[in-house]
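Student: Before I ask anything, here is the structure I am working with.
Just so you know, all these numbers are worked out from the coordinates, no wet-lab data involved. Not measured: the values here are computed from a predicted model. Every residue, glycine among them, receives a Cβ derived from its backbone with ideal geometry; neighbour counts consider all protein chains shown.
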């Protein structure tokens, strides 16, 4: 359950929250299972915060500091996470449908099993991220950096990935002969076809995995 004091401070706005956080640097904010739908937390320092199971539907998290935050099972559908810092954040099993993650920093983030269908990930940094089993159907990843990302069993139906970078990305597991160690299939792609759509697009057309 969420910490009531933390919730009260958060609802007072980013200024009040950041002032409190600057004094309590070692405290881990706890918002687990809290209802924070449509809250405005732009520019807030929420690094390492616990948001497990929280409702953040439609929340404004633009330019927010969320490194090492825990969003396991959280509802972030329709949330604005543009340019958010999510380095090493745990978003395993999170609902990110139609979320705006354009230019977000998701390096080494755990997105395994996350629902990112219809999400905007234009120019997001997903290098070394774990996207195994993630749903990216109809997501827009124009110019996204997925270098060495784990995309094992990820779904990409009608996703737009042109202009993305996939050096060293893992796409599927290859089980070898009985008794041998399983191997991994790495992407042979260095770059996919560049689109003419601007990075500011808010809705991407349906498309295919158009790779060179």
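Student: Taking R0 as 25 Å, what's the FRET efficiency between residue 19 and residue 68 from their Cβ-Cβ distance, rounded to 0.05?
Tutor: Working: r = 21 Å, r/R0 = 0.84.
For R0 = 25 Å, the calculated efficiency reads 0.75.
Student: Also, quick follow-up: Where a ≥ b ≥ c are the square roots of the eigenvalues of the C-alpha gyration tensor, would you call the stretch 1-123 rounded, which needs a/c under 1.5, or, failing that, prolate if a/b is larger than b/c, or oblate? Please list the in-between numbers first.
Tutor: Working: a/c = 1.59, a/b = 1.48, b/c = 1.07.
Because a/c hits 1.5 or more and a/b exceeds b/c, the stretch 1-123 counts as prolate.
Student: Right, another one. Among rounded, prolate and oblate, which fits the stretch 44-108 when a ≥ b ≥ c are the square roots of the eigenvalues of its C-alpha gyration tensor, a/c under 1.5 means rounded, and a/b larger than b/c means prolate? Let's see the in-between values first.
Tutor: Numbers: a/c = 1.38, a/b = 1.05, b/c = 1.32.
It comes out rounded by the Cα gyration axes.
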